[in-house]
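Report on the following structure.
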Amino acid sequence: MELIFATYNPHKLSEIRNALGPRYTLQGLGDLNEKEIPETGSTIEENSLIKAEYIFKKYQKACFSDDTGLEVSVLNNEPGVFSARYAGTGHSVDNIDLLLANLIDQKDRKAQFKTIMTYFDENGKHFVFEGIVHGKITSEKQGIEGFGYDPIFQPNGFKETFAQMSLSQKNEISHRGIALKKLLAHLTSR
Ligand code: IMP
């Protein structure tokens with residue numbers, strides 16, 4: 001089955017390709033020569049819908065988007081919808097440094113990643129799937145795999161951060177992996 005994934009992010013594309021396996025052919029925004037779609041929504045849900053709807057209206061093909069935020073309890077669920085540009089520069093290193101600085105000496109380090117995946121079928125009907133993984137923010141960076149906040153996010157029940165896990169290990173338990181499993185269950189039940 002052919003699917004368009006409304007992302008430019010090569011890390012997200014490899015994660016999803018790895019999880020989907022050979023039955024699905026996935027095209028990203030780069031493959032379609034698309035520019036980044038502006039995320040003008042004020043929530044993760046809105047941004048996820050904006051991206052998938054934009055692509056469906058343009059290509060009239062089955063497509064999906066994901067929008068993800070890191071929500072830190074003690075920071076009133078920030079950075080949340082602002083996760084990509086938390087430090088203002090759009091660079092993960094700066095975002096991580098700012099988050100660690102804002103949590104310095106803080107004992108409560110509870111956090112969760114939340115993904116909202118919006119899927120448009122070929123008829124334009126859309127479905128929403130949520131994936132949440134609970135964990136904590138470590139006091140320093142650990143690991144080099146993955147992207148974004150992976151080096152400082154340790155999922156509950158694990159000693160490693162996401163950046164110390166392989167792609168498949170992360171997919172098993174991650175926010176995006178959980179949302180994707182729900183999307184796949186939907187696709188195979190039709
Ligand atoms: P996006 O808007 O869905 O691309 O996600 C916003 C930001 O959240 C990204 O720029 C990353 O910094 C962060 N993010 C999203 N997914 C992940 C993940 O799986 N691991 C670590 N950080 C992530």
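Okay, here's what the table says:
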read-out	value
Set Lys159/Lys182; Lys12/Lys136; Lys35/Lys181 screened for pairs whose C-alpha atoms are more than 23 Å apart	Lys159/Lys182; Lys35/Lys181
Space enclosed by the convex hull of the alpha-carbon atoms of segment 122-190, per residue, Å³	103 Å³
Most fluctuating residue given options Lys141, Lys35, Lys110, as computed from a GNM of the chain linking Cα atoms under 10 Å	Lys35
Hull-based mean projected area of segment 9-140, where the convex hull spans the alpha carbons, in square nanometres	8.8 nm²
Computed P(r) (all Cα pairs; segment 60-106; 5 Å bins; percent)	5, 20, 25, 21, 10, 6, 6, 4, 2, 1, 0
Cα-centred dipole magnitude for segment 38-106, charges only on beta-carbon of K, R (+1) and D, E (-1), debye, nearest 20	480 debye
DSSP bridge orientation in segment 1-108 - percent antiparallel, rounded to nearest 5	40 percent
Which of Val128, Val133 has the fewest Cβ neighbours within 10 Å, and the rest in rising order	Val128, Val133
Rounded to 10°, Cα long-axis angle of helix 44-59 versus longest principal axis of the chain	30 degrees
Listed residues Tyr54, Tyr119, Tyr24, most fluctuating in the chain (Gaussian network, C-alpha, under 10 Å)	Tyr24
Within segment 1-156: Cβ-based charge dipole about Cα centre, in debye rounded to nearest 20 (Lys, Arg +1; Asp, Glu -1)	200 debye
With Cα atoms, 0 to 90° folded angle of helix 10-20 axis to the chain main axis	60 degrees
FRET E, pair Glu36, His126, Förster distance 35 Å, beta-carbon r, rounded to 0.05	0.95
Which of Gly157, Phe113, Gly146, positive extreme of dipole for segment 26-170 (C-beta unit charges)	Gly157
Cβ-derived FRET efficiency at R0 30 Å, Asn18 paired with Ser189, nearest 0.05	0.85
Debye, to nearest 20: dipole size of segment 82-190, +1 on Lys, Arg Cβ, -1 on Asp, Glu Cβ	340 debye
Span per principal axis, largest first, for the Cα atoms of segment 71-164 (Å)	51, 32, 26
Stokes-Einstein translational diffusion, segment 7-83 - Kirkwood Rh over all Cα pairs, 0.692 mPa s, 37 °C, in µm²/s	239 µm²/s
Phi-based couplings in Hz for segment 154-171 (Karplus 6.51, -1.76, 1.60; Gly and Pro marked x)	10, x, 4, x, 10, 8, 9, 7, 4, 6, 9, 10, 6, 3, 5, 4, 4, 4
Value at 222 nm in deg cm²/dmol, rounded to 500, when DSSP H runs of n ≥ 4 in the chain each add -39,500 (n - 2.57)	-9500 deg cm²/dmol
From phi via Karplus (6.51, -1.76, 1.60), per-residue ³J(HN,Hα) for segment 30-37 in Hz, x at Gly/Pro	x, 5, 9, 6, 7, 8, 4, 7
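Values in this text are rule-based calculations from the coordinates and carry no lab data. Nothing here was measured: the structure is a model prediction, and the numbers come from that model. Cβ: placed from backbone, ideal geometry, glycine included. Neighbour counts: every protein chain shown.
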